[in-house]
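The values are calculated or read from the model by the stated rules, or taken from the named source; none is laboratory data. The structure presented is a predicted model; accordingly, all values stated were derived computationally and were not measured. Please note: Cβ atoms are built from the backbone with ideal geometry, for glycine as well, and neighbour counts cover all protein chains shown.
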Amino acid sequence: MHPEIQPDKKETTPGSDGHRDGQVDSEHTPTTSRHIRDLGKNKSPSTRRRYSVISRGFEAQESKIASLGTRIASLEEEVGRLSRGKKRKAIPNPNKRFMTLAEALVASDAISEPNESIERADAVEDVIEVGGMEEDEMSNSEEEELTVVRTRAGREVRIPRKY
């Protein structure tokens, strides 16, 4: 700093340290109960007792604030967990076409159009029930023997029989 430029001085009365009696400026506001107890040092016993009562109340407020803060955090987490997520489009299995080709090669059948084989695999899943009995029981049983429904990982899916 240049010697001619001096920082602004606070106006103080002689014999004080910049504070009026018992007041604390915003820079030195006590934030914990320990700070409040320290303010009571070098005071009369009755004043110290008042400061200790104030500090106990401050501790109670701090604990209440802490417990409410944890409760708010847990409730926010629960709301985040319970809020409905976005609906996502089902991702089709890109290997389905190749799985049907592999089945056709294993069965040593003539390779049909990929779309027809996919439709044949889907036809097994679409069985119409009327009165508890399957409508196309004979035709579906033949298709079940020809095509096997597989998962994305390639494992066979067994469809339980309906009685």
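What residue, among those in region 51-62 that are more than 12 Å from Thr32 (Cβ to Cβ) and not β-branched (Val, Ile, Thr), is surrounded by the most Cβ atoms within 10 Å (Cβ to Cβ)? Among them, the one singled out is Tyr51. Any idea which of Glu78, Glu113 is out of contact with any helix residue (DSSP H, G or I) (no Cβ under 8 Å at 6 or more places or on another chain) and modelled with pLDDT of 80 or more? Checking each option against the conditions leaves just Glu78. The single condition among (1) surrounded by 10 or more Cβ atoms within 10 Å (Cβ to Cβ); (2) at pLDDT below 90 that Asn42 does not meet is (1).
Sub-7 Å Cβ pairs linking a first residue in region 50-75 that is β-branched (Val, Ile, Thr) to a second residue that is at pLDDT below 90, at least 6 apart or interchain, are Ile54/Ile36, ordered by first then second residue.
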